[in-house]
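Enquirer: Please find one structure pasted underneath; my questions will follow.
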Amino acid sequence: MNLTKPQVFHSKDGALVLAHILFAFGALFIGGVAGLLQSMVRSGTIELPFGIGYYQLLTAHGVLMALIFTTYFIIGFLYSGISQTLGGQLLPIVNRMGWVGFGLMSAGTLLDVVLILLNKASVLYTFYAPLKASPYFYVGLALIVVGSWISGFGIFYQLKYWKKMNRGKNSPLFSFMAVITMIMWQVATIGVAVEVIVQLIPWSFGWVETINVMLSRTLFWYFGHPLVYFWLLPTYICWYVVIPKVIGAKIYSDAMARLSFVLLLLFSIPVGFHHQLMEPGINQLWKFIQVGLTFMVVIPSLMTAFSLFATFEMHGRSKGAKGMFGWVKVLPWKDVRFFAPFMGMLVFIPAGAGGIINASNQMNAVVHNTLWVTGHFHLTVATSVALTFFGIAYWLIPVVTGRTLTARMNRLGIIQTILWCVGMFFMSGAMHWVGLLGSPRRTAFTTYGENAEAASWLPYYVTMSIGGSILFIAVVLMIYIVIKLMRSPKGVTEYPIGEAEENAEPAPAYLEKWGMWIGLSVVLILIAYTIPVMEMMGPMHYDSPGYKTW
Ligand code: HAS
Ligand code: HEM
Ligand code: CU
């Protein structure tokens with residue numbers, strides 16, 4: 001397949017991809033409205049009208065942003081990439097599986113959004129027991145998970161077929177990474193599926209009186225940490241595979257990129273306890289082991305940083321750049337397909353450093369449940385990941401609709417990126433700072449009975465709402481760009497897929513021994529979880545009735 005000459009994207013696959021992308025941006029818009037209102041409420045600027053509750057709003061924001069915007073965008077992006085790299089077209093059955101997945105996820109999402117709007121499910125996006133939502137909220141969650149499984153199986157099936165047709169060949173880098181992402185997702189979602197189906201649904205329907213809270217939180221975080229990597233891996237796909245092509249460079253090392261994804265698969269699941277460090281009921285030893293594994297999962301991210309620097313620097317040198325940072329000058333700053341994801345990378349440096357602080361047991365005691373953590377993930381998922389997804393949308397929407405990215409949209413995209421970074425600088429910066437001062441996350445406006453210390457947090461809240469307002473303008477601008485891209489002039493846009501250096505050796509075949517990697521991953525999970533989970537189910541555990549606190 002000649003990838004330097006733009007090809008027309010297969011139209012049936014294009015429709016599937018587009019449906020996912022547009023759904024994602026719909027969620028981003030509504031989630032953005034909620035985010036803006038939250039930051040205004042917290043600063044005491046407004047009070048919510050029509051009896052809307054703060055936690056109702058926060059649930060809508062968390063669910064729509066963290067669960068819906070991300071998952072839809074990711075599945076759309078991955079399907080586009082496997083269609084492009086595994087034969088130029090999805091098998092008809094795979095395309096159908098994509099639509100079935102889309103349908104189930106959308107049914108679940110609509111059900112959940114309605115229940116949140118009816119104030120029957122203000123349990124936040126982590127739906128911790130013993131907070132008890134309408135049982136149908138959990139049914140909606142189950143539909144979303146099952147839908148995503150079917151989409152995932154479609155991806156595996158396409159690769160299997162391609163492998164049959166291309167015996168002995170390494171799968172293309174994009175599809176290799178897409179399959180790892182989905183394997184990780186399938187293994188991780190088993191935890192949340194068990195929580196929802198075995199624990200939450202029977203309990204919320206009233207078939208059983210009580211719930212094992214500790215176990216449910218553990219099952220959630222068994223899923224919840226890999227969830228954040230499910231957002232990150234597609235972002236890395238763009239950084240590893242797309243960005244080199246966009247800037248006209250070669251992929252630094254195909255083998256190292258694959259190795260980093262294998263490590264991400266192995267180490268991203270058995271680490272959920274780093275979200276539960278402050279919880280009683282888990283033996284310190286197991287927390288210690290999982291924190292150790294957490295530091296292991298940092299390594300592939302450092303490898304990624306290294307590869308990216310290497311790509312940029314080698315590219316710069318090949319263009320005659322001199323000195324330590326000469327390569328920075330020759331990067332295509334005016335191309336939004338590069339600029340938006342690049343700003344995501346840049347933000348990921350402090351974002352990742354914050355993560356390492358969180359993971360360190362003693363420091364976690366300082367930051368846990370404060371706005372610091374909210375600041376951390378508005379850098380990781382809401383900036384590094386979100387800006388990269390925006391960066392993808394600028395070319396992906398034209399690719400799948402047979403249109404072009406105009407110079408005007410490119411310019412607006414650059415403005416959008418800058419606005420996002422400025423808004424986030426203020427919002428996330430203030431969150432980090434006031435978090436260190438002790439201000440809790442997940443809290444509506446309160447003066448804590450005119451407490452003087454709490455009063456000193458107010459200026460930070462105001463800064464958060466200024467940042468939030470800038471971010472909201474950026475959300476609106478993004479939606480405008482998406483709508484405009486749908487009406488761009490017709491033309492064929494290139495799907496940017498990078499290539500490795502010509503003389504590079506192919507990646508070793510063992511990297512594609514899926515059975516081995518899944519097996520190893522299961523072993524690590526069993527080591528990290530078996531004994532603590534048995535203890536949680538043992539005679540010392542406590543079962544709680546449900547509560548509706550809103
Ligand atoms: Fe995190 C909480 C630890 C990464 C998201 N995290 C959260 C929550 C979310 C989240 C949503 O250990 C809150 C959940 C909730 O609601 O309670 N996190 C980590 C660690 C990492 C990490 C160790 N987090 C992420 C990513 C996320 C994400 C990625 C989303 C996408 N996080 C924690 C912990 C908590 C937590 C605790 C619990 C806190 C608590 O108490 O509740 C690491 O994976 C980070 C590794 C990253 C790096 C950076 C590498 C840099 C790169 C960029 C290179 C740049 C270039 C450009 C090349 C080491 C790859 C440079 C160019 C120039 C010119 C300079
Ligand atoms: C929470 C603002 C974009 C994910 C929050 C909070 C605020 C906020 C003020 C709540 C603080 C609290 O009371 O604890 C905004 C604004 C945004 C934005 C103004 C842009 C217009 C995003 C994006 C994502 C995201 C793009 C993810 C892709 C989350 C999550 C929570 C959150 C997961 C935590 C919800 C919870 O604690 O249950 N956001 N945000 N936000 N935000 Fe955002
Ligand atoms: Cu985590």
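Enquirer: Cα convex hull of the chain: mean projected area in nm², to one decimal?
Expert: The Cα convex hull of the chain, projected and averaged over all directions, gives 25.2 nm².
Enquirer: Here is a further query. State whether region 382-541 is rounded, prolate or oblate according to the following rule on the C-alpha gyration tensor (a ≥ b ≥ c being the square roots of its eigenvalues): a/c under 1.5 gives rounded; otherwise a/b larger than b/c gives prolate, and the remaining case gives oblate.
Expert: Numbers: a/c = 2.80, a/b = 1.08, b/c = 2.58.
It comes out oblate by the Cα gyration axes.
Enquirer: Hey, what number do you get for the chain at 222 nm if only DSSP H runs of n ≥ 4 count, each worth -39500 (n - 2.57), divided across all residues, to the nearest 500?
Expert: Details: 20 runs with 365 residues, N = 550.
Value at 222 nm, helices only, nearest 500: -22500 deg cm²/dmol.
Enquirer: Between Leu117 and Ser544, what FRET efficiency follows from the Cβ-Cβ distance if R0 is 22 Å, with the result rounded to 0.05? Write down the numbers at each step before the final one.
Expert: Numbers: r = 27 Å, r/R0 = 1.24.
So, using R0 = 22 Å, E works out to roughly 0.20.
Enquirer: Just grab the label-to-label distance for Leu259 and Tyr480, each label 7 Å out from Cα along the Cβ direction, in nm (one decimal).
Expert: About 4.7 nm, to one decimal.
Enquirer: If you don't mind, there's one more thing I want to ask. Given labels modelled 7 Å from the Cα in the Cβ direction, how far is it in nm from Ile415 to Lys160?
Expert: 5.0
Enquirer: Any idea which of Gly281, Leu227, Met177 is furthest toward the positive side of the dipole for the chain, if Lys and Arg beta-carbons carry +1 and Asp and Glu beta-carbons -1?
Expert: Met177
Enquirer: With a sphere of radius 13 Å drawn around the Cβ of Gly413, what net charge do the other residues whose Cβ falls strictly inside it have (Lys, Arg +1; Asp, Glu -1)?
Expert: Working: positive: Lys334, Arg337, Arg408, Arg411, Lys484; negative: Asp335.
Summing Lys and Arg as +1 and Asp and Glu as -1 gives +4.
Enquirer: Tell me whether region 446-550 comes out rounded, prolate or oblate; compute the Cα gyration tensor, take square roots of the eigenvalues as a ≥ b ≥ c, and use a/c under 1.5 as the rounded threshold. Could the numbers behind the result be given before it?
Expert: Numbers: a/c = 2.62, a/b = 1.08, b/c = 2.42.
The shape class here is oblate.
Enquirer: Treating only the Cα positions of region 417-462 as identical point scatterers, give the base-10 log of I(q)/I(0) from the Debye formula at each q in 0.33, 0.34 Å⁻¹.
Expert: Evaluating at q = 0.33, 0.34 Å⁻¹ gives log10 I(q)/I(0) of -1.25, -1.29.
Enquirer: On a 0 to 90 degree scale, rounded to 10, what angle separates helix 70-85 from the longest Cα axis of the chain?
Expert: So the inclination is approximately 20 degrees.
Enquirer: If each of Val100 and Arg441 carries a label point 7 Å out from its Cα toward its Cβ, how far apart are those two points in nm?
Expert: In this crude label model, Val100 to Arg441 measures out at 3.6 nm.
Enquirer: Also: Between Phe309 and Ala455, what FRET efficiency follows from the Cβ-Cβ distance if R0 is 60 Å, with the result rounded to 0.05?
Expert: On the way: r = 45 Å, r/R0 = 0.75.
Here the calculated transfer efficiency is 0.85.
Enquirer: Under a point-charge model restricted to the Cβ atoms of Lys and Arg (+1) and Asp and Glu (-1), what is the dipole moment magnitude of the chain relative to its Cα centre, in debye to the nearest 20?
Expert: Values: 32 positive and 19 negative charges, 329 e Å.
Its charge dipole is roughly 1580 debye.
Enquirer: State which stretch of the chain is the longest one without any exposed GluC sites (Glu not before Pro), exposure meaning a DSSP loop state and at most 11 other Cβ atoms within 10 Å.
Expert: Values: sites that count: Glu47, Glu209, Glu450, Glu502.
The answer is 210-449.
Enquirer: Within the set Lys160/Lys245; Lys169/Lys513; Lys163/Lys250; Lys329/Lys484; Lys164/Lys250, which residue pairs have Cα atoms separated by over 20 Å?
Expert: Working: Lys160/Lys245 26 Å; Lys169/Lys513 13 Å; Lys163/Lys250 25 Å; Lys329/Lys484 31 Å; Lys164/Lys250 28 Å.
Over 20 Å Cα-Cα: Lys160/Lys245; Lys163/Lys250; Lys329/Lys484; Lys164/Lys250.
Enquirer: Which shape class, rounded, prolate or oblate, goes with region 104-150 when its Cα gyration tensor gives a ≥ b ≥ c as root eigenvalues, a/c under 1.5 marks rounded, and past that a/b bigger than b/c marks prolate? Walk me through the numbers before you get to the answer.
Expert: Values: a/c = 2.54, a/b = 1.53, b/c = 1.66.
Judged from the Cα gyration tensor, region 104-150 comes out oblate (a/c at least 1.5, b/c at or above a/b).
Taken together, the values in this text are just the output of simple stated rules run on the coordinates, not laboratory data. This one's a predicted model, so the numbers in the text were calculated from it and none came from an experiment. Glycine gets a Cβ as well: all are built from the backbone with ideal geometry, and neighbour counts include every protein chain shown.
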